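Below you'll find the structure, written out as structure tokens, and then a few comments.
The values are calculated or read from the model by the stated rules, or taken from the named source; none is laboratory data. This structure is a prediction, so every number in the text was calculated from the model and none was measured. Note that each Cβ is placed from the backbone with ideal geometry, even for glycine, and that neighbours are counted across all protein chains shown. Please note that ligands, DNA and RNA were not included when accessible areas were found on the heavy atoms of the full protein model with its side chains. Shrake-Rupley method; radii C 1.70, N 1.55, O 1.52, S 1.80 Å.
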Amino acid sequence: MSDLNEVGQRDGWRCWLCDSEVDPEASTNSDLGPSVDSYAAAKAKKGSAVIERLAHRACNTMKGKIAPVVPWSPDLFVVDPAPIFETVERLARKGGREIVARCPDERDANQAAEWLLDRLSRFAPGQKFSTQVTPGGGQYMLALRSE
């Protein structure tokens, strides 16, 4: 297991699950205290490198053995948003593109696209993504593509 301070500095002291700041001075026993999450280790193939990420203790404990939930921003106007964690895992494994949300107008779709790329730059820093907004059926589709 990596040193907590190394992981914290590498991740900019931000929780990879909720994207909120983690206080490096907080007790590791506090719900908002820092912890090292190695969720990927449970799914990694034998012998492959494990990437450990910084998480709040509560975020890390809450997810337990279930897939983590990475929420969409409540400030966005998106309809039927796809689960971010599962979508990123699938695109990393298979490549391609997926529709991740529908928006009522182009401005909302572009705002969601910008937010999503910013969020993924911290959530999956080793992967490259792009977004595409396309009109259809009186709404705008937001697609995420693995580069």
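Given the options 107, 97, 119, which has the most mean-square fluctuation in a GNM of the chain, springs set between C-alpha atoms less than 10 angstrom apart?
Maximum among the listed residues: 107.
What is the helix-to-structure angle for 84-94, meaning the angle in degrees between its Cα long axis and the longest Cα principal axis of the chain, kept from 0 to 90 and rounded to the nearest 10?
80
For 25, 147, give the ranking by accessible area with the largest first, probe 1.4 Å.
Per-residue accessible area, sorted high to low, gives 25, 147.
If you add up the charges near residue 139, with Lys and Arg at +1 and Asp and Glu at -1, over every other residue whose beta carbon is less than 15 angstrom from its beta carbon, what do you get?
In short, -2.
At 222 nm, what value in deg cm²/dmol follows for the chain if DSSP H runs of at least 4 each add -39500 (n - 2.57) and the sum is divided by all its residues, to the nearest 500?
Theoretical 222 nm ellipticity from helices: -9500 deg cm²/dmol.
Connecting C-alpha atoms closer than 10 Å in a GNM of the chain, tell me which of 96, 12, 137 has the biggest fluctuation.
Result: 137 has the largest fluctuation of those listed.
How large is the accessible surface of residue 99 in square angstrom, using a 1.4 angstrom probe and rounding to the nearest 10?
80
Give me the accessible area of residue 130, 1.4 Å probe, in Å² rounded to the nearest 10.
Result for residue 130: roughly 40 Å² accessible.
Take 78, 7, 69 and sort them by solvent-accessible surface of the protein heavy atoms, 1.4 Å probe, largest at the top.
The residues order as 69, 78, 7, largest area first.
For the chain, what is the accessible area per residue in Å² when the probe is 1.4 Å?
Here the per-residue accessible area is 59 Å².
How large is the direction-averaged shadow of the alpha-carbon convex hull of the chain, in nm²?
Over all viewing directions, the chain projects a mean Cα-hull area of 9.3 nm².
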